[in-house]
Amino acid sequence: MLEPELRPTTKPQRSDRERTGGFVLIVAMVLLMWLVETIDIVAGNLDGAGIHPRDPEGLVGIAASPFLHSGYAHLIGNTIPFVVLGLAIAVGGLVRTLAVVGIVAIVGGLGTWLTAPSNTVVIGASGLVFGFATYLVARGAYSRSPLHIVGGLVVIVIYGSTLLTGLVPTPGISWQGHLFGALGGLIAARVLHRARRPAAAPV
């Protein structure tokens, strides 16, 4: 009689190359933000490429807006949390980092395009920052990983008040971008970490 076959359900560890790819992506995005802002200050008129709500031509801004800022103060305010939270995500590898960035950018961008006030232009990486934060908080609920749960609690302690105040309607600030960016992070956590049943062992 054949003995039951048991197979491990643990996932293989990610290689250093995968992690490095995630780190490089985050750093490259930050460098591009600073390059674009410098060009905008020198040459001007790049901010118009941001999200134009409900204008079909403004859909291009979904991809462009995270790299556009209203000055170095705005850029610095987004750079620090973007790097901290982005590198925490990059530990999961390049593919996961790309997936989180893509989901948050699309959900946050489309939500902003649909709901932000007309005749405005929305720019800045804060939507991605809010999405990164909610992803890191929510993923532990799906993965049940103690490391993810602890990481989420750390994010709440450091950025919890910012997340809450950023959702309060404030003149000159796109709370819609924050809200839908955060929603994108929740969706990314659900898509990438939803519980999977272990494969049944043959008998």
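The values are calculated or read from the model by the stated rules, or taken from the named source; none is laboratory data. All of these numbers come straight from a predicted model, not from anything done at the bench. Every residue, glycine among them, receives a Cβ derived from its backbone with ideal geometry; neighbour counts consider all protein chains shown.
Table for the structure above
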| quantity | calculated |
| --- | --- |
| Odd one out for Leu114 among (1) out of contact with any Leu (no Cβ under 6 Å at 6 or more places or on another chain); (2) surrounded by 21 or more Cβ atoms within 10 Å (Cβ to Cβ); (3) under 30 Å from Ala49 (Cβ atoms) | (2) |
| Given (1) farther than 22 Å from Leu31 by Cβ; (2) at pLDDT 95 or above; (3) outside any loop (DSSP other than H, G, I, E, B), number of the condition Glu57 does not satisfy | (2) |
| Tally, over the stretch 135-147, of residues that are hydroxyl-bearing (Ser, Thr, Tyr) and crowded, with 24+ Cβ neighbours inside 10 Å | 1 |
| Which listed residue is in contact with a Leu (Cβ under 7 Å, 6 or more places away or on another chain) and within 17 Å of Phe82 (Cα to Cα), from Val129, Val154 | Val129 |
| Which numbered condition Gly124 misses (of (1) part of a loop (DSSP other than H, G, I, E, B); (2) surrounded by fewer than 16 Cβ atoms within 10 Å (Cβ to Cβ)) | (2) |
| Selection status of Val95, out of contact with any Leu (no Cβ under 8 Å at 6 or more places or on another chain), surrounded by 22 or more Cβ atoms within 10 Å (Cβ to Cβ) and of a type in the set (A, V, I, L, M, F, W, C) | no |
| Residue in the stretch 26-49 that is surrounded by 19 or more Cβ atoms within 10 Å (Cβ to Cβ) and not in a helix (DSSP H, G or I) present | no |
